[in-house]
Amino acid sequence: QLTKDLATVPGVTGVTSAANAQRMEDDDGFLRIDDLLPQTLTPDSIAGARAYLETSLLYQGGLLVALDGSSANLIIEVDADTPSEQLSHGLQATLARDWSDAGLGAVHLVGGPLIDGEMRDTLHKEMPLLGGIAALLILVTLYLHFPSVTGALLPLLPVSTGPAWARGRVGALSG
């Protein structure tokens, strides 16, 4: 169910897990493609899938299931045009609902789009504080070099009027 739910997250184009992976074998010169796991699981089918995962060149090295069997991986393919924050939030919400909140264990997300989304979230949260601290440090430094209120604020006049003029120009040009 988790694989199907992750596939519905906006921006996800494909999900591969042990639940939907395919078994590819040579059958007298023909390529035979079957599901890795049958619809009805038995101890023999699970043992056969584990043996196939350990020897298959496509899945070897613990790509879908860890070599010691302690964890499983999902390969999630995403659309590059989807905003990374939207993708990150959608995946985390689905994983929390279907896995973590159900008490099935820890979830660890990796990959470029997820890291990008997390970095953007952090920047959105932290930039007002960091910007305020930087502005305060600039004012203190200016006051120490020019020990008067006018001396500290006068150098900031061009810095503050420049963006205001730019916004006015953009507003005037855009209609």
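The values are calculated or read from the model by the stated rules, or taken from the named source; none is laboratory data. Since the structure is predicted, the reported quantities are computational estimates derived from the model, not experimental observations. For neighbour counting, all protein chains shown are included, and Cβ atoms are generated from backbone atoms with ideal geometry for every residue, glycine included. The accessibility values were calculated without ligands, DNA or RNA, using every heavy atom of the protein model including side chains. Shrake-Rupley method; radii C 1.70, N 1.55, O 1.52, S 1.80 Å.
Would you pick out the residues in segment 39-59 that are part of a helix (DSSP H, G or I), without any contact (Cβ under 8 Å) to a residue 12 or more places away in the chain and either acidic (Asp, Glu) or under 21 Å from residue 75 (Cα atoms) (or both)?
To start, the set of residues in segment 39-59 that are part of a helix (DSSP H, G or I) comprises 43-55.
Add one more test, that the residue is without any contact (Cβ under 8 Å) to a residue 12 or more places away in the chain, and what stays is 43-48, 51, 55.
44, 46, 51, 55, listed by residue number.
Pick out, from segment 100-175, the helices (runs of 4 or more DSSP H) lying fully within it that include 2 or more residues that are open to solvent by less than 90 Å² (accessible area, probe 1.4 Å) and under 21 Å from residue 88 (Cβ atoms). So that I can check it myself, show each step before the final result.
Details: elements: 112-145, 149-153, 156-173.
Once the helices (runs of 4 or more DSSP H) in segment 100-175 are filtered for at least 2 residues that are open to solvent by less than 90 Å² (accessible area, probe 1.4 Å) and under 21 Å from residue 88 (Cβ atoms), what remains is 112-145.
Mind telling me which of the residues 52, 59 ends up being of a type outside the set (A, V, I, L, M) and within 20 Å of residue 3 (Cα to Cα)?
None of the other options fit; the residue is 59.
Can you name every residue in segment 74-99 that is among the charged types (D, E, K, R), open to solvent by 70 Å² or more (accessible area, probe 1.4 Å) and closer than 12 Å to residue 2 by Cβ?
Answer for segment 74-99, where residues must be among the charged types (D, E, K, R), open to solvent by 70 Å² or more (accessible area, probe 1.4 Å) and closer than 12 Å to residue 2 by Cβ: just 97.
For segment 9-24, give me each residue that is without any contact (Cβ under 8 Å) to a residue 24 or more places away in the chain and either more than 25 Å from residue 78 (Cα to Cα) or assigned to a loop (DSSP other than H, G, I, E, B) (or both).
Selection gives 19, 20.
From the list 45, 17, exactly one residue is in contact with a helix residue (DSSP H, G or I) (Cβ under 8 Å, 6 or more places away or on another chain) and of a type in the set (Ser, Thr, Tyr). Which is it?
Result of the check over 45, 17: 17.
Could you tell me which of the residues 67, 36 is surrounded by 15 or more Cβ atoms within 10 Å (Cβ to Cβ) and free of Cβ contacts under 8 Å to residues at least 40 places away in the same chain?
Result of the check over 67, 36: 36.
For every residue, the table says whether it meets (1) touching a helix residue (DSSP H, G or I) at 6+ places or on another chain (Cβ under 8 Å); (2) within 30 Å of residue 12 (Cα to Cα).
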residue	(1), (2)
75	no, yes
85	yes, yes
94	yes, yes
108	no, yes
111	no, yes
122	no, yes
132	no, no
146	yes, no
156	yes, no
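If residue 26 meets every condition in (1) surrounded by fewer than 12 Cβ atoms within 10 Å (Cβ to Cβ); (2) modelled with pLDDT of 85 or more apart from one, which number is that one?
(2)
Regarding residue 54, is this residue of a type in the set (D, E, K, R), in contact with a Ser or Thr (Cβ under 9 Å, 6 or more places away or on another chain), open to solvent by 90 Å² or more (accessible area, probe 1.4 Å) and within 25 Å of residue 109 (Cα to Cα)? Outline the logic, then answer.
Details: of a type in the set (D, E, K, R): yes; in contact with a Ser or Thr (Cβ under 9 Å, 6 or more places away or on another chain): no; open to solvent by 90 Å² or more (accessible area, probe 1.4 Å): yes; within 25 Å of residue 109 (Cα to Cα): yes.
The answer is no for residue 54.
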